[in-house]
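The values are calculated or read from the model by the stated rules, or taken from the named source; none is laboratory data. Keep in mind the model is a prediction, meaning the values are calculated, not measured. No Cβ is skipped: glycine too gets one built from the backbone with ideal geometry, and neighbour counts run over all protein chains shown.
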Amino acid sequence: MPLVLHMDNVSRSFETPQGTLMILQDVSLRVMSGTAIAIRGPSGCGKSTLLYLAGTLDQPTSGLIEILGENPWRLGSGRLASFRNQHIGFIFQDHQLLPQCSVLENVLLPSLAGFGAEGDVRQRANSLLERVGLKDRLHHRPGRLSGGERQRVAVCRALIHQPSLLLADEPTGNLDPVTAAEIGNLLLEVAAENDTALLCVTHSDVLAAGFPHTISLHNGSATFNDKTLAGQQR
Ligand SMILES: Nc1ncnc2c1ncn2[C@@H]1O[C@H](COP(=O)(O)OP(=O)(O)O)[C@@H](O)[C@H]1O
Ligand SMILES: [Mg+2]
C-alpha cells in the first residue's frame, strides 16, 4: 500500500495586525492509498487549512509535506500545477462548476491542461457520469441540475485523472440529509474502487460514521481515532 500523503510536524500560522494566529501546530499524519478519513472539528479550527495544505494549494509555515514521496514545493510552480492536476482531486461545498459549460464539459475541464489521450478522457468522463447516474444529463448546464446532481458532477470532475488523493471540503454541506448520504456513499465507493486516499471534511455525524478513520482538530492539534494515521518521520 503506497504512502500517498505524509505530513511531518506541519504547522500553519497566519500573520495578522494583532499578531501571529497559530492554526495548525505540529500535525503529523500518514495516509496510505485506499484510506478514507473524515476530518471533524468546530468551525474555524483549521479543517480547510489542513485540506489546502494536503492539496498543495497552501504551503506550511514549517514542517514537511510529501505526496507520493514528492515534496511538491520543490517542483516549481509550473510542475506543481501539473502535479496537482494529475494526482489530486478536489470537491468543495459549492460544486464550483462553470455555469456556461455543460455537465460533460465541466468534467472534462481538468483535462484541458493536457493530460491523457483525448479520446480516453472523453470515454472516462462518459463512464464516470454514467456511473453516478447522470448519463441522461451530459448536455445540461449546471443551473438545470439539482444540488445533489451538481455535486455528483463535481465528484466526476475530481476523479477524471484518477487522482491518488481525493480531498473534499464539506461536500454535502448544502444538501438535504438523504442527498448528503448519497454523495457520502458515492465518495466512499469510488475511493474504495480506485484505491484512492480520501480526506473529507464533514459536520455530519451520519456521513462521518461511514468513514473508518477520523481526524479531530482542536486548538491546532490533530487527534486520530486509531494509531494508523499517526506519522512522525523520526
Ligand atoms: N489567509 C488567512 N489569514 C488569516 N487567517 C486565516 C487565513 N486563512 C484562514 N484563517 C483563519 O484560520 C482559521 C481556520 O480557518 P479554516 O481552516 O478555514 O477553518 P475551518 O475550515 O475549520 O472552518 C480561521 O480562524 C480563519 O479565520
Ligand atoms: Mg472550512
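A few points about this structure:
- If you go through segment 17-35 and keep only what is exposed (fewer than 15 other Cβ atoms within 10 Å of the Cβ) and not in a strand (DSSP E or B), you end up with 17, 18.
- Scan of segment 11-67 for residues that are of a type in the set (S, T, N, Q) and within 13 Å of ligand 1 (Cβ to nearest atom), ordered by number: 11, 13, 16, 18, 20, 25, 43, 48, 49, 59, 61
- Members of segment 167-206 that are within 16 Å of ligand 1 (Cβ to nearest atom) and either under 16 Å from residue 34 (Cα atoms) or not β-branched (Val, Ile, Thr) (or both): 167, 168, 169, 170, 171, 173, 174, 199, 200, 203, 204
- Residue match in segment 199-219 (condition: in contact (Cβ under 8 Å) with a residue 60 or more places away in the chain, of a type in the set (A, V, I, L, M, F, W, C) and out of contact with any helix residue (DSSP H, G or I) (no Cβ under 8 Å at 6 or more places or on another chain)): yes
- For segment 36-62, filtering for residues that are away from ligand 2 (no atom under 16 Å from the Cβ), within 22 Å of residue 190 (Cβ to Cβ) and not in a strand (DSSP E or B) leaves 1.
- Within segment 36-59, residues that are crowded, with 17+ Cβ neighbours inside 10 Å have Cβ atoms under 6 Å from residues that are in a strand (DSSP E or B) and of a type in the set (Asp, Glu) in these pairs: 48/169; 51/169, counting only partners at least 6 apart in sequence or on another chain.
- Entry remark, segment 141-162: residues being buried (at least 19 other Cβ atoms within 10 Å of the Cβ) and touching a residue at least 40 places away in the same chain (Cβ under 8 Å) number 12 in total.
- Taking residues in segment 60-89 that are in contact (Cβ under 8 Å) with a residue 12 or more places away in the chain and within 20 Å of residue 198 (Cα to Cα), and partners anywhere that are in a loop (DSSP other than H, G, I, E, B) and among the β-branched types (Val, Ile, Thr), the pairs with Cβ atoms closer than 6 Å and at least 6 places apart or on different chains are 72/56; 84/56.
- Residues in segment 82-92 include at least one that is part of a strand (DSSP E or B), within 15 Å of ligand 2 (Cβ to nearest atom) and modelled with pLDDT of 95 or more.
- Selection within segment 94-132 - modelled with pLDDT of 90 or more and among the polar types (S, T, N, Q): 96, 100, 102, 106, 123, 126, 127
- Residue count for segment 93-119 under the criterion of being in a helix (DSSP H, G or I), surrounded by 14 or more Cβ atoms within 10 Å (Cβ to Cβ) and more than 15 Å from the chain's Cα centre (by Cα): the result is 8.
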